[in-house]
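Presented below is the structure to which this report refers.
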Amino acid sequence: MLQLPESLLGHISYEEFLRDYWQKKPLFIKNAIPNFESPIDEHELAGLALEEQVESRLVMETGPKGEKWHLENGPFKAERFNELPESHWTLLVQAVDHYVPEVAALIEAFDFIPSWRVDDIMISYAPKEGSVGPHLDYYDVFLLQTQGSRRWQIGGFADDKTPFIPDVQLRILQDFDATETFICEPGDLLYLPPQLAHYGVSQSDDCMTWSVGFRAPSADEIVTSLADFIGESLCEDDRYQDPDLELQSHTSEIGADAINRVQAIIQEKLADKATIKAWFGRYMTQPKYLDQLIPAETALTQAKMEQEISQGMAICLSEGSRIAFSEAENGLLLFADGDGFEVSAADREVVLFLTEQKHLTYHELSSSSKDFKGIILDLLNRGTLYLSD
């Protein structure tokens, strides 16, 4: 079982971190998790990369035809790993926390950041000199060294106007000037804010790094998704109207009055906070991989669910599932895997327990309403929740 320290940031308080470092500047914590032992080794990681449902990549500094920075996407054949050179390559496996509960346990250490912001834990493995080149990420990331050692060089902040190496499948910075250097060993943690250029290179033959990334949807994704959500509830009768239309000098001109009418429609539809809340909760709890939700083989009934719970079974959140809540006018909104449920104020405590502790026992469920038990039954049958002993 992963042993987590009382505080992941050493002598720096979480309040200080959020005030002075979060999305502002990097932070290196030496020995953040003392005596760290990885619950997964390179062979198990490679095994995941063979699976069809697992997203994985292989980055080689020099490709088979001598090209610079070669990328291959999984799933891979086992023989591929026997063909790799002794150095200068990296295997990356996405969302390992969705498949290995011992890896998922690390997320508990980041409870000073809203849980709905967490994306996943990617694990990379590299022999000596393995790297993915100097690059930037558009999200916050904590880099935990779990095996071997890696040299991290930190540069300045970059953006879309920063030149990347042309004709390469990876977004690798054309120019990189290091301002700081850190050598990360097992248990060391490095935080990087979004768009900070960085360059990690393996210093050992067994370098493994866990990357805890956080969701940061782009403005394009936000506007497009919100518009789609609102559009589903609009009726055909709701249209552009101009009962105040006046005679124009030029019939082909789209005048200021027309633009004002359209702007009023957009503002009316997009400005409702309740609608935005209902959309955002669903959007931020959408699972990273939809096919990971595995419905129950045999649909549970309410009676069967309550019988299992009364006999000591617990209801747990599935690996890869996401859950959150928002305050509502008459209670709470519970969000789970991209869906939303209205919950009465009487069930507030049990909702808070579920969303914070990620499980329910007979004690919590027995005190909840019939309606809330119906929601839990629905989530069990969908695969968001599961019964465990």
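The values are calculated or read from the model by the stated rules, or taken from the named source; none is laboratory data. All values reported here derive from a predicted model rather than from experimental measurement. Here the Cβ is made from the backbone with ideal geometry for all residues, glycine too, and neighbour counts use every protein chain on show. Note: areas computed on protein heavy atoms with side chains; ligands, DNA, RNA excluded. Shrake-Rupley method; radii C 1.70, N 1.55, O 1.52, S 1.80 Å.
Centre-to-centre, using Cα atoms only, the range 150-194 and the range 315-361 are separated by 38 Å. Each Lys and Arg contributes +1 and each Asp and Glu -1, all at the Cβ; summed about the Cα centre of the range 225-325, the dipole is approximately 600 debye. Projecting the Cα positions of 54, 34, 98 onto the charge dipole of the range 19-106 (unit charges on Cβ atoms of Lys, Arg, Asp and Glu, taken about the Cα centre) puts 34 furthest along the positive direction.
Taking 0.36 nm per residue of separation and subtracting the Cα-Cα distance, full extension of the segment from residue 227 to residue 86 would add 45.8 nm. Taking each residue as 0.36 nm, the span from residue 330 to residue 220 lengthens on full extension beyond its C-alpha to C-alpha distance by 36.4 nm. Long hydrophobic helices in the chain: the complete DSSP H runs spanning 15 Å or more by Cα along their own axis with mean Kyte-Doolittle hydropathy of at least -1.0 are 219-231, 256-270, 273-284, 370-382.
When the P(r) is computed for the range 152-262, the part past 19 Å accounts for 70% of the Cα-Cα pairs. Taking the Cα centre of the chain as origin and assigning +1 to Lys and Arg Cβ atoms and -1 to Asp and Glu Cβ atoms, the resulting dipole is close to 480 debye. Normalised by residue number, the volume inside the convex hull of the Cα atoms of the range 268-345 is 130 Å³ per residue. Rolling a 1.4 Å probe over the protein chains gives residue 344 an accessible area of about 50 Å². According to the calculation over all Cα-Cα pairs in the range 80-230, the P(r) per 10 Å bin from zero is 10, 35, 37, 15, 3, 0 %. When the helices of the chain are scored as -39500 (n - 2.57) per DSSP H run of n ≥ 4 and the total is divided over every residue, the value at 222 nm lands at -7500 deg cm²/dmol. Using R0 = 41 Å, the C-beta based FRET efficiency linking residue 242 and residue 378 works out to 0.35. Projecting the Cα positions of 350, 368, 328 onto the charge dipole of the chain (unit charges on Cβ atoms of Lys, Arg, Asp and Glu, taken about the Cα centre) puts 350 furthest along the positive direction. Counting only Cα atoms, the range 136-193 measures 35, 20, 20 Å along its principal axes, largest extent leading.
Between the range 240-297 and the range 1-35, what is the separation of their alpha carbon centroids in Å? Cα centroid of the range 240-297 versus Cα centroid of the range 1-35: 40 Å apart. The residues of the chain expose on average 54 square angstrom of accessible surface per residue, using a 1.4 Å probe on protein heavy atoms. Within straight-line reach of residue 288, meaning a Cα separation under 15 Å, sit the following aspartates and glutamates at least 8 residues removed in sequence or on another chain: 55, 97, 119, 120, 221, 319, 337, 339. Each Lys and Arg adds +1 at its Cβ and each Asp and Glu adds -1 at its Cβ; summed about the Cα centre, the range 1-53 shows a dipole of about 500 debye.
With θ taken as phi - 60° and the Karplus curve 6.51 cos²θ - 1.76 cosθ + 1.60 applied, the whole-hertz 3J(HN,Hα) list for the range 175-182 is 10, 9, 10, 6, 10, 9, 9, 10 Hz, x standing for glycine and proline. The modelled label-to-label distance between residue 183 and residue 348, using points 7 Å beyond Cα along the C-beta direction, is 5.4 nm.
Binning all Cα-Cα separations of the range 79-129 at 5 Å, short to long from zero, yields these whole-percent fractions: 4, 16, 21, 18, 13, 13, 8, 6, 1. In terms of overall dimensions, the C-alpha atoms belonging to the range 1-131 reach 50, 29, 29 Å along their principal axes, ordered largest to smallest. As I understand it, the dipole of the chain uses +1 on the Cβ of Lys and Arg and -1 on the Cβ of Asp and Glu, about the Cα centre. Which of 264, 227, 293 lies farthest toward its positive end? Going by the charge dipole, the pick is 293.
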